[in-house]
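> Below is a structure I'd like to ask you about.
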Amino acid sequence: MSTKERIGTAEAFFLTIAVMIEVGTLIGAKDIVDKVGVDAWLVSPLETLTSLGAIYLITRLAMKFPHLDLAGYSRLLVGKWLAWAVVLVVWAYWIGIASHVARVAVDVVKSSILPRTPMEVVLLSFLLAAAYLAKQGLEPLARACIIIVIVTLPLTLLLFLLVVPRVRLDNFLPFLPQGPWPVVKLALWRISNAEEMSLFLILVPFLHRPQEAWRAASYGFLVVMVVVITVLTTCQGVLGVEKLKYTLVPGLAVTQLAEFAGTFIERISLVFVSMWLILVFPSVSALLWATSYLLGRLFTLKDYRMLAFYQLPLVYYLANRPKDVLEVKSFFFFLQPLGLVVLVGIPVLLYFIALLRFRGRAGL
Amino acid sequence: MRSLALVLIALMLAGCWDNLDIERRALVLGTFVDLVSVKAGEGGEQDQFELTMEMPILRRMAARAGGGGGGGGEGQEETLPTWRLTVTGSTFAEAMRKAATRSERQLFFGHQKVLLIGQELARRRNLVEVLDFWARSRESYLDITVLLAEGRAEEIFSARPKFARSVSIFLQEQSERQIRTSRFIKHNLSEVWAALYGDRDILLSRVTVVPGQEPLELQVSGTGVIREGKLVGWLTPEETQAAHWVTGQVRGGEIIPLPVPELKRIFSLELCRVENKVKSQVIGDTPTFTVKLYITADIIEKIGSPEPLSAPILRQIEERADELIKQRVEYVIGKLQRQYQADVLGFGKKIEENNPRWWEAVKGNWRSIYAQAPVTVEVQVSIRRTGMVS
């Protein structure tokens with residue numbers, strides 16, 4: 001690991017926000033409504049609590065070994081070969097997430113602003129730019145995240161506030177017609193939607209103050225969930241459950257109804273797409289950086305950062321593999337269960353082993 | 001590696017596949033759709049969609065705006081500064097592609113304001129099919145106002161708006177006047193689509209040509225009743241008002257004339273605020289509904305005896321207003337229940353909210369249950385002000 005790459009708690013906080021806001025914000029409402037119908041608005045607040053539990057576990061585990069990353073402490077806990085397997089699973093997960101995010105982002109761009117530009121060109125441009133930022137290392141990436149979040153997030157939220165007058169309260173009724181169990185079940189299942197929080201498996205040793213990892217992660221996640229809850233609730237309140245089921249990108253559809261007083265500014269949703277794209281970009285960058293770092297650790301490379309570019313063919317292939325927009329979800333079906341493994345399964349396992357093997361020893 | 005990346009990026013980003021200058025676009029302001037029969041070989045006939053798109057001729061629009069000067073120009077020009085292009089096709093997309101053979105500019109739907117659906121098309125085809133193209137199109141917006149034409153949509157173009165520079169803009173701006181009147185209902189594409197996909201019935205505003213005017217004038221007034229996606233009948237402007245009161249969508253400012261024979265006067269009441277409460281109850285297997293309306297009104301005009309108003313007279317007027325509004329609401333509910341069997345007032349949704357399990361059991365048979373459901377209407381009008389005189 002390069003010792004030059006250190007980030008402060010504030011940078012980690014902004015990094016968390018920037019990498020967490022990605023395609024789920026735009027398409028999440030449809031996924032939730034498909035499963036729990038009119039109670040969709042209850043899922044995200046509950047999911048915040050369950051995901052915070054998983055994040056707490058990840059950061060607790062990482063903070064037990066503040067100077068080691070996943071490769072380091074898993075080797076210490078389960079031995080070299082099992083550690084290899086664990087790292088490979090996490091690497092595969094992050095590659096999958098990066099591919100999925102890139103693909104959905106490109107689909108949204110294609111279906112909203114660049115219909116005639118070949119998908120391959122949009123995808124490659126997007127990935128090259130993301131890899132370029134990843135190659136610069138963690139610190140520049142974190143600084144870029146600060147700028148991106150400060151500039152784009154308030155504007156994105158403002159656009160959604162413009163739509164709030166169109167929210168209809170009866171779109172949230174009836175209340176729990178199927179009882180609370182489907183909502184609770186989905187909230188637990190959606191822990192796996194906090195995908196990028198798994199980056200804290202390797203981020204802690206990069207922090208100037210590793211002991212503040214939980215603070216940076218939890219505060220960042222809470223900000224993200226405020227955005228997510230605002231977007232998803234607005235989508236349901238404006239579009240209604242039935243329309244949500246048929247809308248591929250509800251977040252985009254909702255902003256089509258935003259209007260400024262005076263109405264001389266039209267097609268505001270395109271502004272939204274542009275800003276949202278800027279927000280998605282750090283997610284892919286961070287994932288490319290993280291996968292490069294993990295590969296570098298596996299193969300004990302001195303400089304791992306160029307791997308961000310070398311991995312692009314694989315990410316490109318996976319992102320380009322689903323034939324159509326409807327196949328994307330089924331192609332990347334493995335991300336949801338794998339997310340539970342990475343966000344809950346592996347941390348629980350390693351944490352218990354750490355408790356058993358290193359009881360009473362802190363700051364290893 | 002860096003050079004290779006730079007070359008790749010330069011190659012890909014130097015041009016733009018989607019670049020289209022604005023002067024090469026024709027901005028569609030409104031689309032008017034009808035169903036027409038065309039000959040389909042061997043003497044047979046086939047239904048096709050007919051689209052008439054209205055596009056501004058910006059050069060003429062600008063000239064018209066600049067040349068008005070003294071303000072006496074309205075209605076003076078023989079033609080509007082717009083181009084109407086009519087095309088037909090077995091699907092809307094096909095018809096629009098045909099337009100490419102007749103327009104040197106590329107049609108752009110990003111600024112479309114209205115979608116007007118002809119009566120015959122709305123009666124015979126499910127609106128889900130009609131709206132599908134607009135719902136899928138990446139250019140068109142969900143905020144497009146959806147209206148119904150009494151008769152053929154294309155005929156609406158025979159009218160000449162006095163102030164607006166195009167029929168589409170007239171319809172859009174007129175629809176925005178719902179803030180002043182509840183004689184029609186403004187629905188955008190998103191709302192209509194949500195209702196249709198949710199198997200809900202809905203009211204859509206009616207556009208008609210005002211008879212006896214030369215040049216012809218347009219009005220947006222009354223509504224069409226959409227049941228199971230198809231037009232089944234019309235509500236008059238007064239019936240539409242009453243429907244608005246029940247759904248609580250009144251934004252205030254509505255005026256109703258109120259004859260009070262015992263006082264030998266006619267009053268104009270401005271309804272400032274209409275609060276509605278619709279309660280549902282299921283007793284056995286029979287749903288019952290209670291509609292309670294709390295209306296705050298002002299007297300803004302009086303015709304008849306010059307005797308000043310007093311508090312007891314106001315109570316009399318309130319009682320008469322209660323009665324009149326109750327009659328109108330009961331009439332429209334009865335008409336919707338028995339004549340059209342269309343649940344446009346959302347009684348089913350109330351049941352779903354309050355008794356979700358019972359709703360799940362009966363929703364397949366709801367239409368017939370709804371038609372028989374007893375509805376009680378209670379109205380309470382409070383007159384607060386009488387204007388600047390008593």
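The values are calculated or read from the model by the stated rules, or taken from the named source; none is laboratory data. Fair warning: this is a prediction, and the values are worked out from it, not measured in the lab. A quick note on method: Cβ atoms are made from the backbone with ideal geometry, for glycine too, and the neighbour counts reach across all protein chains shown.
> Out of everything in the range B:2-29 that is at pLDDT below 70 and touching a helix residue (DSSP H, G or I) at 6+ places or on another chain (Cβ under 7 Å), what residue ends up being farthest from B:LEU51 (Cα to Cα)?
B:ALA5
> Now for a separate question. For A:VAL164, all conditions in the list (1) free of Cβ contacts under 8 Å to residues at least 12 places away in the same chain; (2) in contact with a Gly (Cβ under 9 Å, 6 or more places away or on another chain) hold save one; what is the number of the exception?
(1)
> Quick one: how many residues across the range A:271-287 are closer than 27 Å to A:ALA83 by Cβ and within 14 Å of chain B (Cβ to nearest Cβ)? Before you say what the answer is, go through the steps one by one.
Keep residues of the range A:271-287 that are closer than 27 Å to A:ALA83 by Cβ, which gives A:283-287.
Then drop every residue that is not within 14 Å of chain B (Cβ to nearest Cβ), which leaves none.
So the count comes out to 0.
> Then there's this: Can you tell me which residue among A:LEU301, A:LEU355, A:LEU350 is over 19 Å from the mean Cα position of the chain (by Cα), without any contact (Cβ under 8 Å) to a residue 60 or more places away in the chain and assigned to a helix (DSSP H, G or I)?
Checking each option against the conditions leaves just A:LEU355.
> Go through the range A:202-215 and give me each residue that's farther than 16 Å from A:ALA286 by Cβ and not in a helix (DSSP H, G or I).
A:HIS208, A:ARG209
> Filter the range A:305-341 down to residues that are in contact with an Asp or Glu (Cβ under 8 Å, 6 or more places away or on another chain) and among the β-branched types (Val, Ile, Thr) and give me whichever is farthest from the other protein chains (Cβ to nearest Cβ).
Here the residue is A:VAL328.
> At pLDDT 90 or above and β-branched (Val, Ile, Thr): which single residue out of A:VAL163, A:VAL104, A:VAL121, A:VAL109 fits that description?
A:VAL104
> Out of curiosity, is B:GLN112 over 21 Å from B:GLY222 (Cα atoms) and buried (at least 22 other Cβ atoms within 10 Å of the Cβ)?
yes
> Kindly list the number of the only condition in (1) within 14 Å of chain A (Cβ to nearest Cβ); (2) out of contact with any Asp or Glu (no Cβ under 8 Å at 6 or more places or on another chain); (3) of a type in the set (D, E, K, R) that fails for B:ARG265.
(1)
> Anything in the range B:141-168 that is hydrophobic (A, V, I, L, M, F, W, C) and in contact with a Gly (Cβ under 8 Å, 6 or more places away or on another chain)? List them, or say none.
Hits for the range B:141-168 are B:LEU148, B:ALA149, B:ALA153, B:VAL167.
> Moving to a separate point now. Could you list, in sequence order, the residues of the range A:234-247 that are in a helix (DSSP H, G or I) and either farther than 10 Å from A:ASN171 by Cβ or charged (D, E, K, R) (or both)?
Keep residues of the range A:234-247 that are in a helix (DSSP H, G or I), which gives A:234-246.
Within the range A:234-247, A:THR234, A:GLU242, A:LYS243, A:LYS245, A:TYR246 meet the criteria.
> How many residues are farther than 19 Å from B:SER310 by Cβ and not charged (D, E, K, R) when one looks only at the range B:260-280?
Within the range B:260-280, residues that are farther than 19 Å from B:SER310 by Cβ and not charged (D, E, K, R) number 6.
> Could you check the range A:313-347 and list, in sequence order, the residues that are among the aliphatic types (A, V, I, L, M), within 21 Å of A:VAL121 (Cα to Cα) and modelled with pLDDT under 95? Outline the logic, then answer.
Quick first cut of the range A:313-347, residues among the aliphatic types (A, V, I, L, M) only: A:314-315, A:318-319, A:325-326, A:328, A:335, A:338, A:340-344, A:346.
Okay, now just the ones that are also within 21 Å of A:VAL121 (Cα to Cα), so A:314-315, A:318-319, A:325-326, A:328.
Of everything in the range A:313-347, those that are among the aliphatic types (A, V, I, L, M), within 21 Å of A:VAL121 (Cα to Cα) and modelled with pLDDT under 95 turn out to be A:VAL325, A:LEU326, A:VAL328.
> I would also like to ask the following. Pairs please, first residue from the range A:96-116 and more than 7 Å from chain B (Cβ to nearest Cβ), second anywhere and of a type in the set (Gly, Ala, Ser), Cβ atoms under 7 Å, 6+ apart in sequence or on different chains.
Filtered contacts from the range A:96-116: A:SER99/A:ALA319; A:VAL101/A:SER283; A:ALA102/A:ALA319; A:ARG103/A:ALA319.
> Got a sec? Which of A:LEU57, A:LEU42, A:LEU61, A:LEU52 is within 18 Å of A:GLN336 (Cα to Cα) and either assigned to a helix (DSSP H, G or I) or of a type in the set (D, E, K, R) (or both)?
Working: A:LEU57 fails: within 18 Å of A:GLN336 (Cα to Cα); A:LEU42 fails: within 18 Å of A:GLN336 (Cα to Cα); A:LEU61 fails: within 18 Å of A:GLN336 (Cα to Cα).
Criteria check complete, one pass: A:LEU52.
> Okay, next question. Scanning for something crowded, with 20+ Cβ neighbours inside 10 Å and within 16 Å of A:PHE200 (Cβ to Cβ), does the range A:318-335 turn up at least one residue?
Looking for residues that are crowded, with 20+ Cβ neighbours inside 10 Å and within 16 Å of A:PHE200 (Cβ to Cβ), one finds none in the range A:318-335, hence no.
> While we're on this one: Looking at B:SER190, B:SER182, B:SER140 in this structure, which one is assigned to a loop (DSSP other than H, G, I, E, B) and within 14 Å of chain A (Cβ to nearest Cβ)?
Only one candidate qualifies: B:SER140.
> May I ask you to list the residues in the range B:344-390 that are in a loop (DSSP other than H, G, I, E, B) and more than 14 Å from chain A (Cβ to nearest Cβ)?
Quick first cut of the range B:344-390, residues in a loop (DSSP other than H, G, I, E, B) only: B:344-346, B:355, B:373-374, B:387, B:389-390.
Residues satisfying the conditions are B:VAL344, B:ALA373, B:PRO374, B:GLY387, B:VAL389, B:SER390.
> Based on this model, can you work out whether A:THR50 counts as out of contact with any strand residue (DSSP E or B) (no Cβ under 7 Å at 6 or more places or on another chain), more than 14 Å from chain B (Cβ to nearest Cβ) and either more than 25 Å from A:ARG6 (Cβ to Cβ) or crowded, with 23+ Cβ neighbours inside 10 Å (or both)?
yes
> For residues that are part of a helix (DSSP H, G or I) and loosely packed, with under 12 Cβ neighbours inside 10 Å, scanning just the range A:162-184, find the one that is nearest to the other protein chains (Cβ to nearest Cβ).
Checking each candidate, the answer is A:LEU169.
> Let me ask you something else. Identify all residues within the range B:209-220 that are surrounded by fewer than 19 Cβ atoms within 10 Å (Cβ to Cβ) and touching a strand residue (DSSP E or B) at 6+ places or on another chain (Cβ under 9 Å); write none if there are none.
Our first condition is that a residue be surrounded by fewer than 19 Cβ atoms within 10 Å (Cβ to Cβ); within the range B:209-220, this holds for B:209-217, B:219.
Selection gives B:VAL209, B:VAL210, B:LEU216, B:GLU217, B:GLN219.
> Exactly one of these conditions fails for A:VAL121: (1) in contact (Cβ under 8 Å) with a residue 24 or more places away in the chain; (2) among the aliphatic types (A, V, I, L, M); (3) within 11 Å of chain B (Cβ to nearest Cβ); (4) surrounded by fewer than 20 Cβ atoms within 10 Å (Cβ to Cβ). Give me its number.
Of everything listed in (1) in contact (Cβ under 8 Å) with a residue 24 or more places away in the chain; (2) among the aliphatic types (A, V, I, L, M); (3) within 11 Å of chain B (Cβ to nearest Cβ); (4) surrounded by fewer than 20 Cβ atoms within 10 Å (Cβ to Cβ), A:VAL121 misses just condition (1).
> Collect the residues in the range B:30-86 that are modelled with pLDDT of 90 or more and among the aromatic types (Phe, Trp, Tyr), keeping them in residue-number order.
B:PHE32, B:PHE49, listed by residue number.
Residue-by-condition table, conditions (1) modelled with pLDDT under 95; (2) within 20 Å of B:GLN174 (Cα to Cα); (3) more than 14 Å from the chain's Cα centre (by Cα):
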{"site": "B:TRP193", "(1), (2), (3)": "yes, no, no"}
{"site": "B:GLY198", "(1), (2), (3)": "yes, no, yes"}
{"site": "B:ASP201", "(1), (2), (3)": "yes, no, no"}
{"site": "B:VAL210", "(1), (2), (3)": "yes, yes, yes"}
{"site": "B:PRO215", "(1), (2), (3)": "yes, yes, yes"}
{"site": "B:GLN219", "(1), (2), (3)": "yes, yes, no"}
{"site": "B:LEU231", "(1), (2), (3)": "no, no, no"}
{"site": "B:GLU238", "(1), (2), (3)": "yes, yes, yes"}
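> Checking the conditions here, which among A:LEU153, A:LEU127, A:LEU199 is assigned to a helix (DSSP H, G or I), within 14 Å of chain B (Cβ to nearest Cβ) and within 17 Å of the chain's Cα centre (by Cα)?
A:LEU127
> Right, here's the next one. So is A:ALA308 part of a helix (DSSP H, G or I), at pLDDT 90 or above, of a type outside the set (Val, Ile, Thr) and within 22 Å of A:SER111 (Cβ to Cβ) or not?
no
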